[in-house]
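Structure first, commentary second.
The values are calculated or read from the model by the stated rules, or taken from the named source; none is laboratory data. Everything quoted here is computed from the prediction, not taken from an experiment. Glycine also receives a Cβ, built like all others from the backbone with ideal geometry; neighbour counts cover every protein chain displayed. Ligands, DNA and RNA are excluded from the accessible area calculation, which covers all protein heavy atoms including side chains. Shrake-Rupley method; radii C 1.70, N 1.55, O 1.52, S 1.80 Å.
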Amino acid sequence: MAKPVQIEVWNPNGKYRVVSTKSMPGTRWINLLIQQDCRLEICTEKKTILSVDDILALIGDRCDGVIGQLTEDWGETLFSALSKAGGKAFSNMAVGYNNVDVEAANKYGVAVGNTPGVLTETTAELAASLSLAAARRIVEADEFMRAGKYEGWLPHLFVGNLLKGQTVGVIGAGRIGSAYARMMVEGFKMNLIYYDLYQSTRLEKFVTAYGQFLKANGEQPVTWKRASSMEEVLQEADVISLHPILDKTTYHLVNKERLALMKKEAILVNCSRGPVVDEVALVEHLRENPMFRVGLDVFEDEPYMKPGLADMKNAVVVPHIASASKWTREGMATLAALNVLGKIKGYPIWSNPNSVEPFLNENATPPAACPSIVNSKAIGLAVSKL
Ligand SMILES: NC(=O)c1ccc[n+]([C@@H]2O[C@H](COP(=O)([O-])OP(=O)(O)OC[C@H]3O[C@@H](n4cnc5c(N)ncnc54)[C@H](O)[C@@H]3O)[C@@H](O)[C@H]2O)c1
Ligand SMILES: O=C(O)[C@H](O)CO
């Protein structure tokens, strides 16, 4: 039997019981739920990753909706329990939902929400930060200073890579990949090569226009190319950033063979999901190629790193913080809460889940719609006319 878990209760007499498996930033999401007659229960357990049993205990015998986290395993067991408890809605507080078995949710008619759009720039900025940190060896240099090893300026001290005029490669040029590409092209005047299953005309137009602007100002224009294979990006780019979703097609997309195609002094950045890279192969590649560098926000077996990675001077590693700006995290909480609330209230789904700004305006009542439900078609939800 599932153990009881610690909770904090808001609006105890609310009609709808909504559970959040974690405390989330900001208070707007809490206020939106309690103003709409929800009794909100927030799990306050100290452990970071809740087990399926912990979540079963939270769902209990009556629950209208759950806001959950990307660290949780939302499959058959949880959706069946939620449906049995009368639940209609689940939302990840994340844009990625590879932790959710959507087919299982469909089977029980449970809506699955995610939080696109609000993370785009914040995540792209972290990918850009990791690119720079790796190119200019910032972490190594910081450790050196703190260890009291600096004895004065030297011509060879922490020499890294100049980005200007080099080629940035983006694999997965969706919302975040495109935002990152624009930052690197505009900020550092890099040429772009990208690979995606779909053409990104907006991105191509942006680079063309910026190239024309540079040329008109007497500067070297930037260029773009849509690669016909991922291998082409790996071979040509100097800095490569990974931004696809994680699914069967992207698992170990970067493996031993593909690492071998990359330039010896290339930089690889991963802010998508850990299993997109074969981390064991990566550690071996880093060991054998000391001029090759990586910037990693995500890991194959989070929260762990594969043996040897932590010892690599040519790796910059941070703990899955790409979306960690205050505005973004509060926005994610708001979108996740409104996905659950909207479904409970019987609202239709928002017509453009890539454009969620109306839900984020603190000074206005949010639209009567669910911002982003990934299985809306499968469970037959109507689209909002707003
Ligand atoms: N590290 C973090 O904190 C963090 C933050 C936000 C998002 N993410 C991850 O980033 C992912 C992307 O987010 P997004 O909002 O840009 O999503 P998105 O759907 O806008 O972009 C994903 C892109 O990947 C492409 N793609 C899918 N399969 C591919 C393949 N096999 N090869 C090449 N491209 C492929 C898609 O066509 C799409 O353009 C999320 O699913 C999530 O896993 C991580
Ligand atoms: O998918 C997401 O939204 C992220 O990984 C959370 O930061």
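Values for this structure:
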| quantity | calculated |
| --- | --- |
| Point-charge dipole on Cβ atoms (K/R +1, D/E -1) for segment 282-326, about Cα centre, debye to 20 | 240 |
| 222 nm mean residue ellipticity, helices alone, for the chain (DSSP H n ≥ 4; -39,500 (n - 2.57); rounded to 500) | -10000 deg cm²/dmol |
| Accessible area per residue, Å², the chain with all protein chains present, probe 1.4 Å | 48 |
| Positive dipole terminus of segment 120-317, leading residue within Y180, V283, M312 (C-beta point charges) | Y180 |
| With at most 14 other Cβ atoms within 10 Å, longest stretch of the chain clear of loop trypsin sites (Lys or Arg not before Pro) (DSSP) | 63-148 |
| Over segment 120-317, relative contact order from alpha-carbon pairs under 8 Å, at least 6 apart, % | 21 |
| Once the Cα gyration tensor of segment 120-317 is diagonalised, semi-axes √(5λ) in Å | 27, 23, 14 |
| Debye-sum result for the chain in log10 I(q)/I(0), which assumes one identical scatterer on each alpha carbon, at q = 0.08, 0.09, 0.10 Å⁻¹ | -0.47, -0.59, -0.71 |
| Gained length - D37 relative to A368, 0.36 nm times residue gap less alpha-carbon distance | 117.7 nm |
| Inter-part distance where segment 76-99 and segment 1-50 are each reduced to a Cα centre, Å | 15 |
| Geometric extent, Cα atoms of segment 1-89 - Rg, Dmax (angstrom) | 12.2, 35 |
| Cα centroid separation, segment 113-144 to segment 282-323 (Å) | 14 |
| Accessible surface of H252 - all protein chains present, 1.4 Å probe, nearest 10 Å² | 40 |
| Mean projected area in nm² (Cα convex hull; one quarter of hull surface) for segment 124-212 | 6.8 |
| Given charges at beta-carbon only (K, R positive; D, E negative), |dipole| of segment 120-317 in Debye | 560 |
| Rounded accessible area of L82 (nearest 10 Å², 1.4 Å probe) | 0 |
| Lys/Arg +1, Asp/Glu -1 at C-beta; the chain dipole; positive extreme among A336, L360, A111 | L360 |
| Radius 13 Å from Cβ of I138, net charge of other residues (Lys, Arg +1; Asp, Glu -1) | +2 |
| Dipole of the chain [Lys/Arg +1, Asp/Glu -1 at C-beta], most positive-end residue of F158, Q220, W29 | W29 |
| Size of electric dipole in the chain: Cβ of Lys, Arg +1 and of Asp, Glu -1, about Cα centre, debye, nearest 20 | 860 |
